[in-house]
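The values are calculated or read from the model by the stated rules, or taken from the named source; none is laboratory data. Note that the structure is a prediction, hence the values are computed from the model and not measured. Note that we place each Cβ from the backbone using ideal geometry, even for glycine, and neighbour counts take in every protein chain shown. Side chains are part of the model used for accessible areas, which takes the heavy atoms of the whole protein and leaves out ligands, DNA and RNA. Shrake-Rupley method; radii C 1.70, N 1.55, O 1.52, S 1.80 Å.
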Amino acid sequence: MAASEGRSEGGDGAGVLLYYKYAPVPDIAFLVRFYDSNCRSLALLGRIRIAPSGVNVTVGGSMPSLEKHIAALKSMSLFDDTDFKLASCEHPSDARVTRECGFTELSIRVVKELVTFRSDPLAEVPKVCDAGRHLSAAEFHAVLHDAAIPGTNMDSKADKQLVLLDARNLYETRIGKFKATNVETLDPEIRQYSDLASWIDQHSEKLHGKRILMYCTGGIRCETASAYIRSKGAGFENVFQLFGGIQRYLEQFPAGGYFRGKNFVFDHRISVGSKDTDVIGSCLLCGISFDDYSSRYRCHYCRMLVLVCYDCQVISSRVYVCELCRKNGKGSNPMMLQEDEHEDISPDSLEEMGISNSSFPDIKPAQFPRTHGNSGDRKLRILCLHGFRQNASNFKGRTSSLAKKLKNMVEFVFVDAPHELPFIYKPRSSDSSYVQQSPPPEMNCNRRYAWLTSEHSMNLLEEQCWKMTDAPFDPLQYQQQTFGFEVSYQHLKNVISHMGPFDGVFGFSQGAAMVALFCQQQQRSSHVMDFQFAILCSGFLPIPWGSKESIRCPSLHCFGSSQGQDRQIANQASRELAGMFDEECSMIIEHEMGHIIPTRSPYIDQMKDFLRRFL
């Protein structure tokens, strides 16, 4: 299809380009270099995902640049028959929305799947070659038309067996969906696409023996979902999908056709409507008709977008609870009042009382001020987890520069890990052999702690004496630190209960590994996080990792590049840790320094961009 088809004339103005292509990629490294060179030369920003099975791209820039990008792709056989969806639009006016939608930088990532269909990465991925039959917008419309108007289809039985399946998430279907008389529309009401497979498994009786019409925003999600339905065998063969998705349909039927409301899009436009002005969304709080997500309000528990009308937005000191979390018992109302009271006990005084190493027998939960809304003095409270053989005090010192740079945005709260380690000292060496000598005096020595320990360290926890190191520094020591998670997990739950609530959690080195394990355990046990986001610096993948399920907590990963000087945690180890988080809501910062947390530009600016999403 020609690049100019299906769009209004944009001249030299701004535009957005969406396309995907399922085809074997013979040389991924070449394609990465091409996108990096081509997009940077054309000043295109957005998201590019490359997998062995193809590409998925959403980029924005000037219309001439986008057209040049398309022309370059058409010279490559890999992109034969690709449907390039190019739309003119206004230049982004809301910097906050632009940041959140990922249009402030060019992000090129190599992934296993173009879209994550199942949360378990070990599960077999449906083969796209077995996907449902493509229907053009006109063909899709004709099927709905025949079903909606009695007498136009001679086979009335076939009409009764027709169902519409929406493959999108609940926050998308809230504001727009297909509706046709005599056709049942199935809305799975899922938080994310990776939940769709489970819904299909649990509701297969609604699909068996039916003619299934599927649709999504641009078509890519229907490819794997339709293939998965067809893989179920007899009774699931008749699956059809809207080629080009809702976007192509609205281009073909600008008045709306059988689509009602607006099409949610994953760029700064937020949503795209038709000439039909019907509003099918409603405010979470008061229920009036409303469909504007530009305020970017989110559920306090799962971080899914929620609709809050302009009048209700003026209510301060509130947090919101989406319908799915309420259904799962998290809050009985769509909003909760946050107490704005100061408890006599502060985080610092708790630390001075030794609270981080007790089981909190006598302290009642502290209620620290936590405001929500658009207050200018709003700060994010972040729980900080130190690394191996550190403590809260020295980690606070190590992050003092970072805290100063982020002082207008965050409040750091530091706690000790629960596993106290014995003192160690390193004797002088002579001819590469160790010579026994006396340890330093214990006077004024600060205790050191760990979240995870080795079996050897576990045996020494009761001995509060000096131990001489029996070997030089081992950069792979973290691979033996696999004990003590249960104690650390309960310790953090107590910290959150008595010192929380917290907006986010921040872990360094072993602290980052603990953050990942904590988030994984919460997801497995309740699917609701105590934190809205996680920051993991110079982290590593805990060994053994308990599950292959992708962690769905928004995350920022900061670590040294392969050319960096981090002698303790290799770049690949940090990359493997980042790979365990859902790549759709994660951000990676690589730096050229060592085992540290960088505080200079551009790294600190990227960290601020991430944090602003939650203010």
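Data overview
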quantity: Flag if VAL59 is of a type in the set (A, V, I, L, M), closer than 21 Å to CYS216 by Cα and modelled with pLDDT of 95 or more; calculated: no
quantity: Extreme residue, farthest from PRO254 (Cα to Cα), among residues of the range 1-46 that are modelled with pLDDT under 90 and not small (Gly, Ala, Ser); calculated: ASP12
quantity: Residue count, the range 529-550 (criterion: of a type in the set (A, V, I, L, M) and modelled with pLDDT of 90 or more); calculated: 3
quantity: Filtered residues of the range 222-243 (kept if assigned to a helix (DSSP H, G or I), small (Gly, Ala, Ser) and out of contact with any strand residue (DSSP E or B) (no Cβ under 8 Å at 6 or more places or on another chain)); calculated: ALA227
quantity: Number of the exception - LYS262 against (1) under 17 Å from GLU172 (Cα atoms); (2) surrounded by fewer than 24 Cβ atoms within 10 Å (Cβ to Cβ); calculated: (2)
quantity: Set THR98, THR104: member being surrounded by 14 or more Cβ atoms within 10 Å (Cβ to Cβ), assigned to a helix (DSSP H, G or I) and at pLDDT below 80; calculated: THR98
quantity: Single condition THR181 does not satisfy, out of (1) touching a residue at least 24 places away in the same chain (Cβ under 8 Å); (2) touching a Leu at 6+ places or on another chain (Cβ under 6 Å); (3) open to solvent by 20 Å² or more (accessible area, probe 1.4 Å); calculated: (2)
quantity: Scope the range 197-216; condition part of a helix (DSSP H, G or I), closer than 12 Å to PHE236 by Cα and open to solvent by less than 30 Å² (accessible area, probe 1.4 Å); matching residues; calculated: ILE200
quantity: SER289 being among the small types (Gly, Ala, Ser) and either within 21 Å of LEU144 (Cα to Cα) or surrounded by fewer than 17 Cβ atoms within 10 Å (Cβ to Cβ) (or both); calculated: yes
quantity: Per-region count, the range 198-230, residues of a type in the set (Ser, Thr, Tyr) and more than 21 Å from LYS21 (Cα to Cα); calculated: 2
quantity: Checking GLY219 against (1) in contact with a helix residue (DSSP H, G or I) (Cβ under 6 Å, 6 or more places away or on another chain); (2) open to solvent by 10 Å² or more (accessible area, probe 1.4 Å); (3) within 25 Å of THR82 (Cβ to Cβ), the condition it does not meet; calculated: (2)
quantity: Selection status of LYS379, open to solvent by 30 Å² or more (accessible area, probe 1.4 Å), at pLDDT below 50 and basic (Lys, Arg); calculated: no
quantity: Of residues in the range 551-587 being open to solvent by 60 Å² or more (accessible area, probe 1.4 Å) and either of a type in the set (Ser, Thr, Tyr) or modelled with pLDDT under 85 (or both), the one nearest to the chain's Cα centre (by Cα); calculated: GLU584
